[in-house]
Amino acid sequence: MSRRIPGAGGHPDAAKEPAPACRVMLVRHGVTDWNAERRYLGRTDEPLNGQGRLEASELGRKLALLRFQAIYSSPLQRTAETAELILQEMQAAAKGLSPLHAIAYDARLRETDFGRIEGLTYEEALRVCPEELIAWYDRFETIPPPGGTESLKQISERMNLFMADIGKRHNGPVLIVSHGGPIRAWLARALHKPFWDIAVGHGQTYELELAKQLFS
């Protein structure tokens, strides 16, 4: 499923005089066993499962004819696998003529660290540290998860720095493979919407037109 978000964060006057923009397509990695088991999955290097690999290959076939300038990915295994499978499908469709031959990995695209609840199911986490977990859900914008390292604000800030670099470096289009948390954090900031109002499914894509002046 693809969601197109034109002019995200743009100025109302943009309709009168369009600003230079970089087209970006954000992709969440395919599903893993931990995702299927509803476990908190952050920095643990969990691979895609069979369904996740199928999701990534199918997405690659759908995107095969699009001419991306570059592919960026989180270095974690599940995102790297997703990006690699997409690239393989693109190269196969181009019959060796694709200008894309490599993926650029950037640590700013990684999922956050869930600390003591990493690897626990949502129900287990509520039993292990209920008060801390509830406090985090109440103030997740400013405090990290129990034993974690980043608040939502910090995730959003590193994603904004990454997007600023992309906006300055490319005219687009660019494919970016990341995780649910960072993608939602960026979309919440770009669209001025609450974090929890944004749904990011595995293997889904989100298109944005990023105006250059947003990154000056």
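The values are calculated or read from the model by the stated rules, or taken from the named source; none is laboratory data. None of these values were measured; they are calculated from a predicted model. Using ideal geometry, Cβ is built from the backbone for each residue, glycine included, and neighbour counts are taken over all protein chains shown. For the accessible areas, the whole protein counts, side chains as well, though only heavy atoms, and no ligand, DNA or RNA atoms are used. Shrake-Rupley method; radii C 1.70, N 1.55, O 1.52, S 1.80 Å.
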Of residues in the range 137-171 being of a type in the set (Asp, Glu) and assigned to a helix (DSSP H, G or I), the one nearest to residue 72 (Cα to Cα): 165
The range 56-76 residues that are without any contact (Cβ under 8 Å) to a residue 60 or more places away in the chain, paired with ones that are small (Gly, Ala, Ser) and in a helix (DSSP H, G or I) (beta carbon under 8 Å, 6 or more apart): 61/93; 64/92; 64/93; 65/93; 75/107
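Just wondering, is there one or more residues in the range 175-185 that are over 11 Å from the mean Cα position of the chain (by Cα) and open to solvent by less than 30 Å² (accessible area, probe 1.4 Å)?
no
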In the range 186-214, the residues that are farther than 20 Å from residue 152 by Cα, of a type outside the set (S, T, N, Q) and surrounded by fewer than 18 Cβ atoms within 10 Å (Cβ to Cβ): 207, 212
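Considering the range 153-174 alone, what residues qualify as being among the acidic types (Asp, Glu) and farther than 19 Å from residue 113 by Cα?
We begin by selecting, within the range 153-174, every residue among the acidic types (Asp, Glu); these are 157, 165.
Correct list: 165 only.
Checking the condition surrounded by fewer than 16 Cβ atoms within 10 Å (Cβ to Cβ) and of a type outside the set (Ser, Thr, Tyr), which residue from 65, 59 passes?
Working: 59 fails: surrounded by fewer than 16 Cβ atoms within 10 Å (Cβ to Cβ).
Going through 65, 59 in turn, just one is surrounded by fewer than 16 Cβ atoms within 10 Å (Cβ to Cβ) and of a type outside the set (Ser, Thr, Tyr): 65.
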Qualifying residue in the range 155-167 (condition: touching a Ser or Thr at 6+ places or on another chain (Cβ under 7 Å) and free of Cβ contacts under 8 Å to residues at least 12 places away in the same chain): no
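Quick one: which residue in 106, 138 is touching a Pro at 6+ places or on another chain (Cβ under 9 Å) and of a type outside the set (A, V, I, L, M)? Walk me through how you get there before you give the answer.
Values: 138 fails: touching a Pro at 6+ places or on another chain (Cβ under 9 Å).
Being touching a Pro at 6+ places or on another chain (Cβ under 9 Å) and of a type outside the set (A, V, I, L, M) holds for just one of 106, 138, which is 106.
Kindly indicate the residue of the range 81-136 that is assigned to a loop (DSSP other than H, G, I, E, B) and among the small types (Gly, Ala, Ser) and also surrounded by the fewest Cβ atoms within 10 Å (Cβ to Cβ) among those meeting that condition. Even if it seems obvious, please write down each step before you answer.
Within the range 81-136, the subset assigned to a loop (DSSP other than H, G, I, E, B) is 94-103, 106, 110-114, 118-120, 129.
Next, from what is left, pick out any that are among the small types (Gly, Ala, Ser): 94, 96, 98, 102, 119.
Values: 94: 14, 96: 6, 98: 15, 102: 8, 119: 16.
Step by step, filter the range 81-136, then rank; the result is 96.
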The range 62-80 - residue that is modelled with pLDDT of 95 or more and assigned to a helix (DSSP H, G or I) and, of those, nearest to residue 105 (Cα to Cα): 80
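Mind telling me which of the residues 53, 28 ends up being closer than 22 Å to residue 108 by Cα, modelled with pLDDT of 95 or more and basic (Lys, Arg)? Break it down into steps so the answer makes sense when it comes.
On the way: 53 fails: closer than 22 Å to residue 108 by Cα.
Selected residue: 28, the only one of 53, 28 that is closer than 22 Å to residue 108 by Cα, modelled with pLDDT of 95 or more and basic (Lys, Arg).
Answer yes or no as to whether residue 176 is of a type in the set (Val, Ile, Thr), in contact with a Pro (Cβ under 8 Å, 6 or more places away or on another chain) and either closer than 25 Å to residue 30 by Cα or at pLDDT 95 or above (or both).
no
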